[in-house]
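Report on the following structure.
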Amino acid sequence: MIDCLNEYSQNEVDIFNKTIMQNPIIQTKPFNPKTGKWYEQQVEALLYLNKPDRINKGLVGGGANGGKTTLGCMFIAQYLMLEEYRALVTRKTHAELLGTDSMFEILSGWVQNPDLPDGLYGEPRGGLNARIKMDNGATIDFKAFNDESKRQQAKSHRYHHISHEEGSELNPRVLKFIFRSLGRDDESIIPLAQLIQSNPATNNRNSNLENSNQLIYDTYVADDAENKFIEMDWRHNPFIPQEEYGKALDELDAEDKAHQKYGDWLFKQTNNSLITQERLNDTQIELPDIRPYSTLYSLDLAGAGRDKTALNTTFVHTKTGHQLMHRLSATPDEDADNMIIEHIQKDIDSNFKPALLVLEQEGGSFSTTKRYYEDLLLSEFDLELDLYKPDKAKYIRAKGLARTIRKNGWNSTTQLTREYYLNKHTYWDLFMDDFIYITKSGLQNSSPDLLDTATNLNEYLKEFTF
């Protein structure tokens, strides 16, 4: 027995059975025949959104692997057997709207099922004006709203059902505006409903997303919210191995874990969110036998403002790709050549054989700089150079390194605690400060140059298979 059924009339349950469970278009039902378990949260959402005497607004989600997309497809396909039915599916970008495992892809497969009865076959059309049109005249429009101006696309349309896939990624003004497009003729029997399927958004380059999370929280999640929130994530989904998924989500960094595992709509990045000092200190080991390792360098040249030129020695295991950061050097001087030469020479004197130096490519023309350092390294050490051009923000690269550390793919040696920057602070202390206090907007008091050498190399190595 499903507990929520007690809250609905027999007529409402009968409509659910007819439009969902007996609907030949819907190929995935909220019931797992292998286990005999109902997906109760999906059932409750579909019943709640089908009240005939009101405009229904609901939010499902809160965490990962909850079956939100499948529920959205059931919700949108519910009344496709009626020729008057009009529905809208939204997403932030066009690529996500029509991409692999999207609602468009799933619904297209459903309506092209050759076993469907006559009149219930549909024809999908991709492109900028994507649509599914049924033989009986019912339609589903698919629209992307990657900025606020696109909201006008829905201005002159009326829809019975609207689904916002990953609604927390949309601009909050778009969410408010599109709700106005719910409408029907007086004689229509189809309930009006808007469904948001979403987890809290994590995107470190879009300031609107914090506002979207707040809007959705205030409208659906808060104790005094007027609309329905049905928590639906990996803990509730009877179609997945829940324990296995829960352990996989533990690998995420603090922000992603708060959003994807625990569905925390109001989590905000704070210091120590990426990694703690305790976890960083756990990476410290004495220098092991490095014969299975190659000696690589990562160089970050000083730019304008508070930058330093920083150089990193990291041993990389030739079979596993394990990284072992051994030394750091930095200088605030514009002429950093002496620091670079002395750093590499000290490694050679310690019987380490340099294999490659990876240089971060700054913006603009870089060919002259590249040639200069190629000549310097070849003449001094017969050392080759390769460029790494960052395509992610510093904070995102730091998240990637934190993830590598959690997977035990990165360590540091205690040598870092025995060498000092300007005879004041150990390089290890400065590196930890860079890592612990980096935020989405950078660091409060300095540029994370030491951290950049490690995160750049970590990203560079992702291009190789070990």
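The values are calculated or read from the model by the stated rules, or taken from the named source; none is laboratory data. This one's a predicted model, so the numbers in the text were calculated from it and none came from an experiment. In this analysis, Cβ positions are derived from the backbone assuming ideal geometry, glycine residues included, and neighbour counts consider all displayed protein chains.
With respect to the conditions (1) surrounded by fewer than 19 Cβ atoms within 10 Å (Cβ to Cβ); (2) touching a Cys at 6+ places or on another chain (Cβ under 9 Å); (3) hydrophobic (A, V, I, L, M, F, W, C), Val43 lacks only one, and its number is (1). Touching a strand residue (DSSP E or B) at 6+ places or on another chain (Cβ under 7 Å), under 25 Å from Phe464 (Cβ atoms) and at pLDDT 95 or above - does that describe any residue in segment 391-400? Checking segment 391-400: not a single residue is touching a strand residue (DSSP E or B) at 6+ places or on another chain (Cβ under 7 Å), under 25 Å from Phe464 (Cβ atoms) and at pLDDT 95 or above.
Within segment 292-314, is even one residue surrounded by 17 or more Cβ atoms within 10 Å (Cβ to Cβ), among the basic types (Lys, Arg) and over 30 Å from the mean Cα position of the chain (by Cα)? Checked segment 292-314: at least one residue is surrounded by 17 or more Cβ atoms within 10 Å (Cβ to Cβ), among the basic types (Lys, Arg) and over 30 Å from the mean Cα position of the chain (by Cα).
Here Asp375, Asp333, Asp391, Asp347 are screened, and the one residue that is in a helix (DSSP H, G or I), assigned by TED's automatic domain parsing to the domain that holds Thr455, surrounded by fewer than 13 Cβ atoms within 10 Å (Cβ to Cβ) and among the acidic types (Asp, Glu) is Asp375.
Look at (1) part of a loop (DSSP other than H, G, I, E, B); (2) within 18 Å of Tyr159 (Cα to Cα) and you find that Phe75 fails only one, number (1). Among the conditions (1) in contact with an Asp or Glu (Cβ under 9 Å, 6 or more places away or on another chain); (2) loosely packed, with under 15 Cβ neighbours inside 10 Å; (3) in a loop (DSSP other than H, G, I, E, B), the only one that Thr320 does not satisfy is (1).
Any residue at all in segment 339-356 that's within 36 Å of the chain's Cα centre (by Cα) and among the hydrophobic types (A, V, I, L, M, F, W, C)? Yes - at least one qualifying residue is present in segment 339-356. Every condition in (1) at pLDDT 95 or above; (2) surrounded by fewer than 18 Cβ atoms within 10 Å (Cβ to Cβ) holds for Gly126 except the one numbered (1). When you look at Thr369, is it surrounded by fewer than 16 Cβ atoms within 10 Å (Cβ to Cβ) and either at pLDDT below 95 or not assigned by TED's automatic domain parsing to the domain that holds Asp382 (or both), yes or no? Spelling it out, Thr369 is indeed surrounded by fewer than 16 Cβ atoms within 10 Å (Cβ to Cβ) and either at pLDDT below 95 or not assigned by TED's automatic domain parsing to the domain that holds Asp382 (or both).
Of the set (1) closer than 19 Å to Ser181 by Cα; (2) touching a His at 6+ places or on another chain (Cβ under 6 Å), all apply to Lys57 but (2).
Of all residues in segment 65-96, how many are of a type in the set (A, V, I, L, M) and surrounded by fewer than 22 Cβ atoms within 10 Å (Cβ to Cβ)? Within segment 65-96, residues that are of a type in the set (A, V, I, L, M) and surrounded by fewer than 22 Cβ atoms within 10 Å (Cβ to Cβ) number 3. Exactly one residue out of Tyr388, Tyr437, Tyr427 is aromatic (Phe, Trp, Tyr), in contact with a helix residue (DSSP H, G or I) (Cβ under 8 Å, 6 or more places away or on another chain) and over 15 Å from Met325 (Cα atoms), and it is Tyr388.
Residues are listed down the side, and each one gets a yes or a no for (1) out of contact with any helix residue (DSSP H, G or I) (no Cβ under 6 Å at 6 or more places or on another chain); (2) in a strand (DSSP E or B); (3) under 28 Å from Asn136 (Cβ atoms); (4) among the charged types (D, E, K, R):
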{"residue": "Thr19", "(1), (2), (3), (4)": "yes, no, yes, no"}
{"residue": "Ile25", "(1), (2), (3), (4)": "no, no, yes, no"}
{"residue": "Val43", "(1), (2), (3), (4)": "yes, no, yes, no"}
{"residue": "Pro52", "(1), (2), (3), (4)": "yes, no, yes, no"}
{"residue": "Gly66", "(1), (2), (3), (4)": "yes, no, no, no"}
{"residue": "Thr70", "(1), (2), (3), (4)": "yes, no, yes, no"}
{"residue": "Leu82", "(1), (2), (3), (4)": "yes, no, yes, no"}
{"residue": "Thr90", "(1), (2), (3), (4)": "yes, yes, yes, no"}
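The residue of segment 14-35 that is farthest from Trp110 (Cα to Cα), among those that are surrounded by 16 or more Cβ atoms within 10 Å (Cβ to Cβ) and among the aliphatic types (A, V, I, L, M), is Ile15.
The residue list Asp218, Asp186, Asp282, Asp233 contains one member that is acidic (Asp, Glu), in contact with a Gly (Cβ under 6 Å, 6 or more places away or on another chain) and at pLDDT 85 or above, which is Asp233.
Residue-wise test of (1) in contact with an Asp or Glu (Cβ under 9 Å, 6 or more places away or on another chain); (2) among the aliphatic types (A, V, I, L, M); (3) without any contact (Cβ under 8 Å) to a residue 40 or more places away in the chain.
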{"residue": "Ile348", "(1), (2), (3)": "no, yes, yes"}
{"residue": "Pro354", "(1), (2), (3)": "yes, no, no"}
{"residue": "Thr368", "(1), (2), (3)": "no, no, yes"}
{"residue": "Glu384", "(1), (2), (3)": "yes, no, yes"}
{"residue": "Asp391", "(1), (2), (3)": "yes, no, yes"}
{"residue": "Thr404", "(1), (2), (3)": "no, no, no"}
{"residue": "Glu419", "(1), (2), (3)": "no, no, no"}
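For Val60, indicate whether it is on the phi < 0 side of the Ramachandran plot, surrounded by fewer than 18 Cβ atoms within 10 Å (Cβ to Cβ) and not in a loop (DSSP other than H, G, I, E, B). So Val60 does not fit the description; no.
Here's the yes/no breakdown for (1) at pLDDT 95 or above; (2) within 24 Å of Arg184 (Cβ to Cβ); (3) in contact with a Phe, Trp or Tyr (Cβ under 7 Å, 6 or more places away or on another chain); (4) hydrophobic (A, V, I, L, M, F, W, C):
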residue: Gln22; (1), (2), (3), (4): yes, yes, no, no
residue: Gln27; (1), (2), (3), (4): yes, no, yes, no
residue: Gly63; (1), (2), (3), (4): no, no, yes, no
residue: Gly66; (1), (2), (3), (4): no, no, yes, no
residue: Met74; (1), (2), (3), (4): yes, yes, no, yes
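Just so you know, in segment 219-241 the residues that are acidic (Asp, Glu) and under 14 Å from Gly263 (Cβ atoms) include one that is nearest to the chain's Cα centre (by Cα), and it is Asp233. So for segment 352-365 (the condition being exposed (fewer than 14 other Cβ atoms within 10 Å of the Cβ), in a strand (DSSP E or B) and not aliphatic (A, V, I, L, M)), does at least one residue qualify? No - not one qualifying residue is present in segment 352-365.
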